[in-house]
Amino acid sequence: MMERDTVVPAMAAAYEAAQGDLAARMLAALHAAQGEGGDIRGMQSAALAIVSGDPQALGFRRSVYDLRVDEAEAPLDELDRLVRLRRAQRINFQASPLLTEQRERALELWAAARALAPELEEMAFWQALRLADELDDVAAGAAILNEMLQRVDRRAQWIDLIRRLQDCGLIERPGAGDELIAALDE
């Protein structure tokens with residue numbers, strides 16, 4: 001159902017020339033296909049599914065990317081955005097277990113994840129909270145949270161969430177939430 005017979009060769013060339021992980025190469029192939037006309041019916045959806053090659057990975061941990069955009073005006077553009085967000089989340093998750101043993105590396109990865117997807121406010125929020133609560137590093141947590149709060153309209157709601165999490169015991173270190181709030185820029 002391809003518009004032209006040049007679609008598949010263009011996909012192959014783009015895939016082979018692309019840099020980055022499998023998702024980046026697959027997206028390059030999809031863009032090349034669209035550049036050659038793609039599906040004769042037009043473009044209305046885009047999807048990307050990549051699973052881990054690790055046979056020990058189970059359930060959702062096996063899925064690296066499982067993204068789909070249906071009935072969209074620009075589905076490939078939206079898929080690009082979703083892959084970028086998922087990549088940032090994967091970097092974030094990769095950093096978390098390193099935080100106690102390889103703190104500087106974990107912080108570098110967290111910063112890379114935030115830079116890749118600054119609109120993922122919740123990622124910065126939980127990074128900041130973890131630093132303040134688990135590692136008693138309120139200053140580092142406040143720096144991350146301040147950066148995020150400068151870009152959003154819901155500052156009061158995020159601060160209220162810290163208080164609520166502290167009140168219900170989800171912030172384990174006593175007073176960590178209050179310390180984090182006190183350390184934030186006005």
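List of remarks:
- Filtered by the rule that a residue be farther than 22 Å from CYS168 by Cβ, part of a helix (DSSP H, G or I) and among the β-branched types (Val, Ile, Thr), the stretch 127-154 gives a lone residue, ILE144.
- Scanning the stretch 159-182 for residues that are under 15 Å from ARG130 (Cβ atoms) and in a helix (DSSP H, G or I) returns LEU161, ILE162, LEU165, GLN166, ALA176, GLY177, GLU179, LEU180.
- The one condition from (1) over 27 Å from ASP178 (Cα atoms); (2) in a loop (DSSP other than H, G, I, E, B); (3) in contact with a helix residue (DSSP H, G or I) (Cβ under 9 Å, 6 or more places away or on another chain) that GLU73 does not meet is (3).
- Test: residue in the stretch 159-180 that is touching a residue at least 12 places away in the same chain (Cβ under 8 Å), over 30 Å from ALA24 (Cα atoms), β-branched (Val, Ile, Thr) and in contact with an Asp or Glu (Cβ under 8 Å, 6 or more places away or on another chain): yes
- The residue that is nearest to VAL69 (Cα to Cα), among those in the stretch 1-48 that are at pLDDT below 90 and of a type in the set (A, V, I, L, M, F, W, C), is MET43.
- The residues listed here are GLU71, GLU101; of these, the one that is at positive phi and of a type outside the set (S, T, N, Q) is GLU71.
- Filtered residue count, the stretch 7-38, keeping only those that are loosely packed, with under 15 Cβ neighbours inside 10 Å, more than 24 Å from the chain's Cα centre (by Cα) and in a loop (DSSP other than H, G, I, E, B): 0
- Yes/no for GLN89 being closer than 30 Å to ALA32 by Cα, under 12 Å from the mean Cα position of the chain (by Cα) and part of a helix (DSSP H, G or I): yes
- The residue of the stretch 131-148 that is surrounded by the fewest Cβ atoms within 10 Å (Cβ to Cβ), among those that are in contact with a Phe, Trp or Tyr (Cβ under 8 Å, 6 or more places away or on another chain) and closer than 13 Å to ALA183 by Cα, is ILE144.
- Set side by side, the residues ARG41, ARG81, ARG90 differ, and just one is surrounded by fewer than 18 Cβ atoms within 10 Å (Cβ to Cβ), in contact (Cβ under 8 Å) with a residue 24 or more places away in the chain, closer than 30 Å to GLY141 by Cβ and not hydrophobic (A, V, I, L, M, F, W, C), which is ARG90.
- Residue match in the stretch 138-146 (condition: without any contact (Cβ under 8 Å) to a residue 24 or more places away in the chain and within 22 Å of the chain's Cα centre (by Cα)): yes
- Test result for ARG81, charged (D, E, K, R), assigned to a helix (DSSP H, G or I), touching a Leu at 6+ places or on another chain (Cβ under 9 Å) and modelled with pLDDT of 95 or more: no
- Within the stretch 107-124, residues that are in contact (Cβ under 8 Å) with a residue 24 or more places away in the chain sit with their Cβ atoms under 9 Å from residues that are part of a helix (DSSP H, G or I) and hydroxyl-bearing (Ser, Thr, Tyr), at 6+ positions apart or across chains, in these pairs: TRP110/SER96.
The values are calculated or read from the model by the stated rules, or taken from the named source; none is laboratory data. What you see is a predicted model; the values in this text were computed from it and never measured. Cβ coordinates were reconstructed from backbone atoms using ideal geometry, including for glycine residues, and neighbour counts include every protein chain displayed.
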